[in-house]
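The structure appears below as structure tokens.
We did not get these values from a lab; they are worked out from the coordinates using the rules stated. Nothing here was measured: the structure is a model prediction, and the numbers come from that model. As a convention, Cβ positions derive from the backbone with ideal geometry for all residues, glycine included, and neighbour counts pool all protein chains shown.
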Amino acid sequence: MSKERARRREEREREAAVRAAARAAGAERAQRQAARKKSLTSVLPRPRPRPTGVLTRRARHQTWATILVVVLVNLVAWAFLDHWAARLLVIIVSLLGARVLHTLLFRRR
């Protein structure tokens, strides 16, 4: 009976040693991966946190709306104008007039 218990204990200890070795290998692999990631990302600039709040969200939406209007105008011009010069002129005028359009669309009172 004692020999049987010793054999089972030895098996349990062997299995525990195998699990511990696998766990140690996994931890070492994770540590190497973290070190590799840290060495690669330490060179890159850190992204700045984006400003939050009602005013910045509204300004962002207004900017996207202006960009959308300018892109739609250019797409319509591209679809209906045949001459390259006219298309180029619409693109240039729309890019130059985007700030004026933004002011006209979202005037602060």
Determine the distance separating the Cα centre of segment 27-53 from the Cα centre of segment 95-109; give it in Å without decimals. 40 Å
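Per residue, what volume in Å³ does the convex hull of the Cα atoms of segment 1-58 enclose?
Details: hull volume 7.1 nm³, N = 58.
Convex hull volume per residue, Cα atoms: 123 Å³.
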Can you give the angle from 0 to 90° between the axis of helix 2-41 and the longest principal axis of the chain, with both taken from C-alpha atoms, to the nearest 10? 30 degrees
Can you give the log10 of the normalised intensity I(q)/I(0) at q = 0.17, 0.31 Å⁻¹, computed with Debye over equal Cα scatterers of segment 54-105? -0.54, -1.13
Ordered by fewest other Cβ atoms within 10 Å, a rough proxy for footprinting exposure, THR52, THR103, THR66 read THR52, THR103, THR66
Just the number, please: Stokes-Einstein D of the chain in µm²/s, Kirkwood Rh from C-alpha pairs, 37 °C, 0.692 mPa s. 156 µm²/s
Once you put a point 7 Å from the Cα of VAL43 and another 7 Å from the Cα of VAL18, both along the Cβ direction, what distance in nm separates them? 4.2 nm
